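A.B. asks: Structure below; questions to follow.
Computed from the coordinates by the stated procedures, all read-outs in this text should not be read as laboratory data. Here the structure is a predicted model, which is why all the values come from computation and not from measurement. Because the Cβ atoms are built from the backbone with ideal geometry, glycine has one as well, and the counts that use them run over all protein chains shown.
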Amino acid sequence: MAAAGTYYIDTINFADANEVFLDEALTTCAPNGFYQMGGATAREQVDCVNGVGGRLLDPVACPSCTPPAVDPPIAANTSYKVTDVVTSAVAFVAITNTYQPTQKITTNLSANCWLINNGSTDTVTATITGPCNVQPVAQPQYFLLNPCPNSVPPSSDYTFTYIVDSVNDKPPVNGRYLDPTTGQFYTSANTTNPIGYSIPNTGSNNLANSVLNNNLTLVGSFPTDPVNLGCPPTPERFCYWNATPCSGGAQVIIKMPTNVFDSVVQGTSSVKVSGTCYTINDLSLCTSDVVANIGLYDGTIYTACQLGTNPCIPAVVATPSFDVVETTSGDTNRVTKRNGFSQNDNIVITGLAGCWKLVSPSTVATPNTIQDFCPAVSSCTTYVFTGTGYYITCSAGAGGTQSYLNLSPGITETICAITGSVAAGNISSQSGGCNSDVPITPQYNYYNVELCSGGGATIVRVPVGTTLTTNQSVKINNGSTCYKVLSGSGSTTTQDATNITSGCDVCDPPATCFIYAVEYSPGTTVCLTGGQGVVFGDTNNFLTATQLFASQAGCTTSQAAASGVYTFTSASIRTSRYWNGSTLGAAQTCSSTPQSVTATITAIDTTGLTGGVEGTNYNLSGDIISSFISGPAPLDTNPGTFNTSVLVTQGFTGTGINISYAPTSISSDQDITMTITGTITQDAVAFVYSVTGCGTPEFFRISNPTALTSGTVIFFRTNGGLTRCGTVGQATTALSQGDVIQVITSSGCNNNQCLGFGSGFN
């Protein structure tokens, strides 16, 4: 049986309604079934699913239905339900026969257009003011944009495109657009006054290769963002090259501009990065992307590492002269180098007045020659010294600090000293003038040695700069007998240590064991450059040997040498053989080596010299920057080969001073770094006073650890060994000539200690 209820239809009359709804807003369809509104006919609603859909079928007779109670009469509509077409707001206005549902009207509610939905019984005061004149929809405008010249692929591979600017109706002048899917940038083709078209490819922009692209976005905020105007800068492309250090080592990647591509000869050209030279092997790639590399080349492409018209590593330039400056006038000149004279020495130039300082090595030849040191050589004398005693070096000057010699009986030493500063009893002979503090005869270190077979103890010497260590072996004056080093010696000798080796087994191997000077490298790859050393074999020829031993003793105990590659050089030919610990492989010729190699001092490292300031508390003499040595490879660069000395300034003391050179052995021309370590400290400051001798017209400069009062009488000794009494005067900054022995506390110069020996007390 049907049940009465309240439902809603979309027309005034049920007979012509289209659908039955559950709500006044006509959004939810009533359930499927038969519906009747008075009369004897009913209409079936179908297709309503979950409140959506629904439609009424044609009326059908319903004789079996019991008509429901008659509904009260429907109240007459007095208003229209209306919706704001802009904001979707819902309102009601007074009904008028002039306008019907689905029409758009204006009201006194707002200036927007309103859509009439349906009739309503709501009582309202709002009214319809007229019809709504619908404005035509603006047609989109399309503007031609040009692609920016991105680096990859080239800009010619891109087509033109159009874009609709929905904000300003036209692109900003020179504005920048981005296609995020491709990364391509675009700018307006008509930068001054862009012209829009309602249809793409019309008018002057009718281009066959243009396409419509709705994926573009405007970059930046215009016109207040000048950074994003126009095309972005094209990323700079670089070429990246595989290269190998000229000195050897692992391959690296070097960055170079693309405009020098054609200037590179692969396998020959070289470049410099951060001061290091590299040979270019081959091209890795050219790209604008970031690639890991060791750095950008210095701007020059060289012909090779050490060869060609423009080598990366230039040949050592000879320095035949010194630039000089006159110490008084400041005049500059040049003088030819001379052995025994070093940078910062003050010299006299033949034919030129004044005293000149050697400033720096020069590559320019000059006819000027060094005559001597400043001052003239007549102030100093060459002495042959014997026994024990004091003297003053030539450079110390008159009144300088005394030096001391303690020579064993029968031993002499030739020195250059201030004339008259050596006591007569210590002079075996003397000759003419001199001007160098370096002994005319070499200085030596002395060592105790014994026969390798035992016993036969004796003493040998080596030049200063060369040191011997315990258990090293030597021969005497190039003799055939081997000696073992025991310790340093306090005695002297004239026997020279020669043929210095690592031990007696190297110096005097058994007849069945032969020594080879070799290079060694672990692994199995032959002809690699390795460390220098020695190995022993069972024949007198490395090429015919069948066994290798670690030591001389190993020849008899079968102590095999370490496995690896051994390289032997003879007559400038390098030959490598692999030793697996029991068997020697076949010999392989590697390459010819230079007859002679050169080591050049190019750097001096003084970071380990604590307290040292060159030119202030020390100076260098001998081999310095640009000094070089040459000889057959491998060339030893240990101290003794190079000859550098640290001269500590008076008033300072050096302790633990050591000079080393790296690398210590080279097989090709190479730069050498000299390293100086040790400590330089300032001597304790003493008070120096002018002193007048008691009863004599002599004047002295005497120092004392503590302050003295003017007029005090002192007993003192000069640096030359003279003893005097004298009266203290004014303090002075000049160098001291002696030291206080005792302060006279009574009777002054008339003190018995002073008078007892007269005014000439000494």
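A.B. asks: Give me the lysines in straight-line cross-link reach of LYS475: C-alpha distance below 25 Å, same-chain residues under 8 apart excluded.
C.D. replies: Output for LYS475: LYS484.
A.B. asks: Then there is this: Over the alpha carbons of segment 687-755, what is the largest minus smallest coordinate on each principal axis, giving the biggest first in Å?
C.D. replies: So the extents along the principal axes, rounded to whole Å, are 31, 24, 20.
A.B. asks: Could you give the size of the charge dipole of segment 321-373 about its Cα centre, using +1 on the Cβ of each K and R and -1 on the Cβ of each D and E, expressed in debye and rounded to the nearest 20?
C.D. replies: About 160 debye.
A.B. asks: Taking LYS255 as the anchor, which lysines have their alpha carbon closer than 19 Å to its alpha carbon, excluding any fewer than eight residues away along the same chain?
C.D. replies: LYS272
A.B. asks: Using every alpha carbon pair in segment 76-148, what percent of pairs falls into each 5 Å bin from 0 up to the bin containing the largest distance?
C.D. replies: 3, 15, 26, 19, 9, 5, 4, 4, 4, 4, 3, 2, 1, 0
A.B. asks: Something else about it: Straight-line reach from LYS81: which aspartates and glutamates fall under 17 Å, measuring Cα to Cα and dropping same-chain residues less than 8 apart?
C.D. replies: LYS81 reaches ASP10, ASP23, GLU24, ASP122.
A.B. asks: Taking N as the number of residues in segment 597-682, what is its alpha-carbon radius of gyration divided by 2.2 N^0.38 Å?
C.D. replies: Compactness ratio reported: 1.14.
A.B. asks: List GLU19, GLU519 from most exposed to least, where exposure is judged by having the fewest other Cβ atoms within 10 Å.
C.D. replies: GLU19, GLU519
A.B. asks: Could I ask something else about it? Using the Kirkwood formula on the Cα atoms of segment 640-762, what hydrodynamic radius do you get, in angstrom to one decimal?
C.D. replies: Value: 17.6 Å, from the Cα pair sum.
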